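J.: One structure, pasted below without further comment.
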Amino acid sequence: MCLDCLPTRLSRRNIMKFAGLGLAAAASMPIIASASETKHAAQHEEKPADQHHAAAAPALSPNEALERLKEGNSRFIKDANACAANLAGRREELAGGQHPWAIILTCSDSRVTPELVFGGVTLGELFVIRNAGNVLDTGALGTIEYGAEHLHAPLVVVMGHKKCGAVAAACDVVQKGTQLEGSIGKMVQPILPVALNTLFKSPDFVNETVANNAISGAHRITEESHIVAHLVEQGTVKVVSAVYDIESGKVDFLDAA
Ligand SMILES: [Zn+2]
């Protein structure tokens, strides 16, 4: 629940309740009262459209799932106070199983949070894999296969973001011969051929490599996974790439793999 919800619910539901009490008593109780009110209100208030899909298997087509992400991102851009209310209720609904409708491979960057970027999407909606540079390694590919094959999520998104530090590090290796210490060098190795192919082709080397890395990752999913490739051929799964702009909040979808 976002901070905006608390005063709204308190003012609407609790002020009448507390009208007969002293102001000091009312002021001392808002947190306890709001917690019980949140659960109570969740049972009676109409839920946002996104929340109706928690307990049932996703009935969305790949294109409908993509449209839902785009609509969510538009809401995020218009109103960054995106609100995911009724988390306690959602947790109870989902305890018996999950049916996410989109798989997101993206960067671990703290500014790139898929549930927020796509408009306050709450528990049980997105199946998310994150690592620095949204690298498609074995763990990421296996997780994507699990989400698509066993959880039946109809959409896979590989989402890079502008000003990505991991991609910038890979660009430094290619452009300046920088040596990366520890496991970071190994981690960014899959980005190196993408950076090499992008070098000298754009004045915006890092951000162009970010886009090409997302496209490359999306293509590699179907090239390296016969499970996902089969689902794509059947038309039950779509794989797309995207770039998130950390300044504007906008997600640009690049292509369908
Ligand atoms: Zn990043």
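Derivation of every value follows stated rules applied to the coordinates shown; laboratory data play no part. Remember, predicted model here, so these are calculated numbers, not experimental data. FYI the Cβ positions are ideal-geometry reconstructions off the backbone, even for glycines, and counts take in every protein chain you see.
J.: Given the conditions (1) among the polar types (S, T, N, Q); (2) within 15 Å of the ligand (Cβ to nearest atom); (3) surrounded by 17 or more Cβ atoms within 10 Å (Cβ to Cβ), and given that Asn131 satisfies all but one, which numbered condition is not satisfied?
T.: Of the numbered conditions (1) among the polar types (S, T, N, Q); (2) within 15 Å of the ligand (Cβ to nearest atom); (3) surrounded by 17 or more Cβ atoms within 10 Å (Cβ to Cβ), the odd one out for Asn131 is (3).
J.: Here's another thing I want to ask about it. Which condition from (1) under 17 Å from the mean Cα position of the chain (by Cα); (2) without any contact (Cβ under 8 Å) to a residue 40 or more places away in the chain is the one that Val251 breaks?
T.: (2)
J.: Okay, moving on. Somewhere in the range 161-175, is a residue away from the ligand (no atom under 14 Å from the Cβ), within 25 Å of the chain's Cα centre (by Cα) and either at negative phi or assigned to a helix (DSSP H, G or I) (or both)?
T.: no
J.: Out of Ala214, Ala153, Ala148, which single residue is part of a helix (DSSP H, G or I), surrounded by 21 or more Cβ atoms within 10 Å (Cβ to Cβ), more than 13 Å from the ligand (Cβ to nearest atom) and in contact (Cβ under 8 Å) with a residue 60 or more places away in the chain?
T.: Ala148
J.: Moving to a separate point now. In the list Glu125, Glu92, which residue meets the criterion of being under 18 Å from Ile144 (Cβ atoms) and more than 14 Å from the ligand (Cβ to nearest atom)?
T.: Glu125
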